[in-house]
Amino acid sequence: MTKGIQVAIDGPASAGKSTVAKLVAKRFNYVYCDTGAMYRVVTLAALRKGLSMDDTDQIVRLAQQIKISFQPGDPEQRVFLDGDEVTQDIRQGQIDNNVSAVAAIPAVRTEMTRQQREIAQNGGIVMDGRDIGTTVLPNAPVKIFMVATAYERARRRYVENKAKGIATASLEELQKEIELRDKKDSTRAVSPLTQAPDATRLDTTNLTIDQVVDEISKIIKKTQEQLQ
Ligand code: CDP
Ligand code: CDP
């Protein structure tokens, strides 16, 4: 049997990373890790404690104290904060609006990166986020940078919210929120969202989920053959 490798998938909000990463992990029997969910859990914990996004020292302490865990689930991976399920809570608009501020705190990133490397250390992992190929797993043999137009990404989020029964902002508002988050994520000082020089860029604007999964699966198989 071939040894499982590390697969890093990065890109802006709603490019399709988590949907595709989960399916790729299933196909190869790899573990899936949604690093965005980890930053969302820290944000939720901070908001529940009534902290302001400027209370960086307290948010850092909280990030180091809380226990974030995952369990496989269908259709969504289940997410837990200190043992309590928060899968739905971390997808609320209030988290969307505050998560980039929390993710910009350097010591929060140091702690999340440490946990992510621990999760990925044995390979056989598909990890998605913003800085996986550049910072968390710079030696991952497969790196994908997934993009799509802001309009298409807002449209996807809108359809998803409706389908899940989550109260949704209008398409125009979602597009603005996505563009603002792209800007914050790409311009922050520590580990900004950028394509690693050795990553494969995949524009999913006009691709179905299955097409993207097939494309990445081909790259993984080819890389596994080369590494044998
Ligand atoms: O699902 P969506 O693409 O909206 O976002 P996400 O992947 O859940 O990530 C939420 C936020 O966490 C992002 O907007 C980033 O600010 C931050 N994040 C990060 O800084 N680094 C990562 N590796 C993953 C997420
Ligand atoms: O993880 P990320 O924020 O990058 O995106 P996602 O949550 O996986 O995808 C956002 C939405 O776009 C989901 O509802 C997917 O089903 C949908 N999607 C799509 O319609 N076509 C694709 N090629 C990829 C995702």
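Pull out a ≥ b ≥ c, the square roots of the eigenvalues of the alpha-carbon gyration tensor of region 1-71, then state rounded if a/c is under 1.5, prolate if not and a/b is larger than b/c, and oblate in the remaining case. It is prolate, given that a/c is not under 1.5 and a/b is the larger ratio.
Could you work out how much longer the chain between GLN211 and ILE66 gets when fully extended? Use 0.36 nm per residue separation minus the Cα distance between them, nm to one decimal.
Fully extending the segment from GLN211 to ILE66 adds 48.4 nm.
Only DSSP H runs of four or more residues enter the estimate; each adds -39500 (n - 2.57), and after division by the residues of the chain the mean residue ellipticity at 222 nm equals -16000 deg cm²/dmol. Across region 20-35, computed HN-Hα scalar couplings (Karplus, 6.51 cos²θ - 1.76 cosθ + 1.60, θ = phi - 60°) run 6, 4, 4, 5, 5, 4, 4, 4, 9, 6, 9, 7, 10, 10, 9, 6 Hz from first to last residue, x flagging Gly and Pro. For region 137-228, the square roots a ≥ b ≥ c of the C-alpha gyration tensor eigenvalues yield an a/c of 1.5 or more together with a/b not exceeding b/c, which makes the shape oblate.
How much net charge surrounds SER69 when only other residues with a Cβ under 11 Å from its Cβ are counted (Lys, Arg +1; Asp, Glu -1)? Neighbour charge sum, excluding SER69 itself: -1.
If you take the square roots of the eigenvalues of the alpha-carbon gyration tensor of region 31-86 and sort them as a ≥ b ≥ c, do you get rounded (a/c under 1.5), prolate (a/b over b/c) or oblate?
On the way: a/c = 2.41, a/b = 2.26, b/c = 1.07.
Verdict is prolate for region 31-86.
Computed from the Kirkwood radius of its Cα pairs, the Stokes-Einstein diffusion coefficient for the chain at 37 °C and 0.692 mPa s stands at 184 µm²/s. Could you please state how large a percent of the accessible area of region 116-169 is carbon and sulfur, counting protein chains only and using a 1.4 Å probe? Here it works out to 48 percent. Close amide H contacts of GLY129 (hydrogens built in the peptide plane, cut-off under 5 Å, sequence separation of 5 or more or a different chain): ILE9, ASP10, GLY11.
The values are calculated or read from the model by the stated rules, or taken from the named source; none is laboratory data. Just so it is clear, the model here is predicted, and its values are computed rather than measured. Glycine also receives a Cβ, built like all others from the backbone with ideal geometry; neighbour counts cover every protein chain displayed. These accessible areas exclude ligands, DNA and RNA; they are computed on the full protein's heavy atoms, side chains included. Shrake-Rupley method; radii C 1.70, N 1.55, O 1.52, S 1.80 Å.
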